[in-house]
Amino acid sequence: HVKKDVIGIGPVGSGKTRLGLEAINIKKSHYKKKYGLSSSECKTKLRVIIVIRGSDDESQLKQQLEMSESHKDCTLDIITESALNSDKLTRIFQANENYKSYCHTLIMLDEINR
């Protein structure tokens with residue numbers, strides 16, 4: 001059920017972030033195969049947005065993701081936000097001027113309070 005949304009809830013240190021990143025990798029792989037995308041095409045057709053609660057200088061996860069090779073095959077936007085609402089999420093989504101040209105955009109919200 002690759003097309004389904006994934007929501008992870010659990011205590012600190014239970015692996016929610018790792019599970020979310022793995023779900024993104026599985027979804028990326030699915031869409032690459034489904035659309036027959038080459039590695040170079042993926043950069044313009046698949047977009048991953050990861051929103052992390054906190055400030056830029058606090059986010060160890062952001063630093064790790066920026067250095068990681070696992071998301072070099074797609075457009076990756078990592079945003080840190082202290083508070084998130086639907087208007088901010090819309091602005092984040094539309095911040096990339098090419099947002100309408102992607103086949104799929106995968107969004108992960110990490111450590112966001114409900």
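Points to keep in mind about this one:
- Neighbourhood net charge (12 Å Cβ-Cβ; Lys/Arg +1, Asp/Glu -1) for Lys32: +4
- Listed by chain and number, the lysines whose alpha-carbon sits under 28 Å from that of Lys88, ignoring those within fewer than 8 places in the same chain, are Lys3, Lys4, Lys16, Lys27, Lys28, Lys43, Lys45, Lys62, Lys72, Lys100.
- Most mobile listed residue (Ile79, Ile49, Ile26) in the chain, GNM with C-alpha springs under 10 Å: Ile26
- For Leu76, residues with placed amide H under 5 Å, excluding near neighbours: Val48
- Cut-off 12 Å between beta-carbons: net charge of the residues surrounding Ser70, Lys and Arg +1, Asp and Glu -1: -1
- Of all the options Lys88, Lys72, Lys27, the one that moves most in a Gaussian network model of the chain with Cα springs shorter than 10 angstrom is Lys88.
- Rolling a 1.4 Å probe over the protein heavy atoms leaves Arg91 with an accessible area of roughly 150 Å².
The values are calculated or read from the model by the stated rules, or taken from the named source; none is laboratory data. Given the structure is predicted, the values throughout are model-derived calculations rather than measurements. In this analysis, Cβ positions are derived from the backbone assuming ideal geometry, glycine residues included, and neighbour counts consider all displayed protein chains. Heads up: the accessible areas ignore ligands, DNA and RNA and are worked out on the full protein's heavy atoms, side chains in. Shrake-Rupley method; radii C 1.70, N 1.55, O 1.52, S 1.80 Å.
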